[in-house]
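A short reminder: the numbers here are calculations on the coordinates, not readings from a lab. Predicted model only: the values in this text are computed from it and were never measured. Quick reminder, even Gly has a Cβ in these numbers, built from the backbone with ideal geometry, and neighbours come from all protein chains shown.
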Amino acid sequence: MINCVNFMGRIGKQPELRQTKTGKFTTSFTIGVARDYHTGEEKKTDWFDCTAWNKGAEFIAKYFHKGDMIAIVGRMETDDYIDKDGNKKKSYTVIVDRSSFCGAKRETEAPTPNIDVVVDEDGYKEITEDDLPF
């Protein structure tokens, strides 16, 4: 049997790092994934509750913020529960196994400096052995 989900979307809820009584780290957040659409159709987004554990939780809480683009790989878990009105309900949570950066760096980060390259009159840059990658 296969239970594998892959999502790329934007974080909708700021990840907060917590620690269980047994010392394990966890973070929960939501991810918004846009649906495909055609011209003239309304754009729709699906929101998924996500939970990461241990090193993955620490990584996400440290490097990702609300609005950031993230790619995740994990598995879907379901839980049955009774709501306050006595109705049977089911919740779905993505358990994140791997996460990756995707998209541009945050605008608040310092821009990469421009490096001027000096070329000779023929348009070639002079290189030395130290410049070679091998």
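Observations on the structure shown:
- Neighbour counting of Cβ atoms within 10 Å sorts the residues MET1, MET69, fewest neighbours leading, into MET1, MET69.
- Under 29 Å from the Cα of LYS24 - lysines, other chains or at least 8 residues apart: LYS13, LYS55, LYS62, LYS66, LYS89, LYS90
- As a proxy for reagent exposure, ranking SER28, SER99 by other Cβ atoms within 10 Å from fewest up yields SER28, SER99.
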